[in-house]
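The values are calculated or read from the model by the stated rules, or taken from the named source; none is laboratory data. Quantities reported herein were computed from a predicted structural model and do not represent experimental measurements. Because the Cβ atoms are built from the backbone with ideal geometry, glycine has one as well, and the counts that use them run over all protein chains shown.
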Amino acid sequence: MWNAILDYSSGKRYVWTGEAAEARADPGDSPVMPTITEEEFRAVRHDFFEDIKKRGEITQETASQIDEWVEKNLPTAALPPKLRRKWNTVLKQLVRERLTGWFDKQASLGRGTEPNVVVRETRTTRVWPDTEQLRRAILECVRHMSRRELLEIRLPASALLSYGASIENPTGRPRSSEPSPDGTLRLTAGTSVRNPQSE
C-alpha cells in the first residue's frame with residue numbers, strides 16, 4: 001500500500017487486485033491506484049516546510065537545510081533527526097487519506113468495498129535506477145549527518161579497498177583495522193565495514 005501511493009519515481013503502475021496492491025506493466029481492466037506525482041509530492045514537502053516554519057520549530061540554519069531537502073527532493077535521512085518522525089507522520093497521513101478517498105470512490109462505482117487500511121512504512125519507497133543519482137543522494141545525506149551518525153556508518157570492505165586503504169588519521173599515520181569476532185572490520189575512528197572473508 002505504501003509503495004502504491006508514494007513510489008512515483010520508478011514509473012510503475014499499481015493496481016488493486018481485490019486483496020492487495022500489485023505493480024504491473026499493463027494494468028488491464030484492474031483499478032489503477034492513485035500513486036502521487038512528483039509535483040504533488042514536492043508540494044507536500046513544501047507545505048511541511050512552511051508549517052514547521054510557522055510553528056517556530058526550526059532555526060535559520062535548519063531552515064536552509066530543509067529548503068535544500070525540498071528543492072533537491074532528498075530522502076528523509078537528509079532532514080534534521082528531530083524532524084524525521086514528524087515527516088513520517090505526514091507521509092502516513094497522506095497515504096491513509098489518499099487510500100481512503102480512492103476506495104470510497106471505487107465503492108461508489110460498485111467495484112468493491114474499502115478494506116481495513118493499515119499503513120506501514122517500507123524501505124523500498126524510492127527506486128534509484130541510476131548509480132550516479134544514488135551516489136549523489138547518499139553523499140548529500142552524509143553531508144548533513146552528525147558525528148555520531150557518521151560513526152555508525154557501515155561500509156563494505158571492498159569499498160575501502162577500492163579507495164586505496166589509505167585513510168589517514170590527523171597524525172598522518174595510516175589507521176589500522178582488525179577483524180572483530182563478528183567478522184566486521186572496525187577502523188580506529190569507529191567506522192565499521194563487513195569482512196567478506198568471514199562470511
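What's the number of the only condition in (1) at pLDDT below 90; (2) over 17 Å from the mean Cα position of the chain (by Cα); (3) surrounded by 14 or more Cβ atoms within 10 Å (Cβ to Cβ); (4) not charged (D, E, K, R) that residue 3 fails to meet?
(2)
Find the residue count for segment 26-84, including only residues that are at pLDDT 90 or above, loosely packed, with under 14 Cβ neighbours inside 10 Å and among the β-branched types (Val, Ile, Thr).
Total meeting the criteria: 1.
Can you tell me which residue in segment 78-104 is farthest from the chain's Cα centre (by Cα), limited to those that are among the aliphatic types (A, V, I, L, M) and under 24 Å from residue 16 (Cα atoms)? Even if it seems obvious, please write down each step before you answer.
Taking segment 78-104 as the starting set, the residues that turn out to be among the aliphatic types (A, V, I, L, M) are 78-79, 83, 90-91, 94-95, 99.
Subsequent filtering for residues that are under 24 Å from residue 16 (Cα atoms) retains 90-91, 94-95, 99.
Details: 90: 14, 91: 11, 94: 16, 95: 15, 99: 20 Å.
Only one residue tops the list, namely 99.
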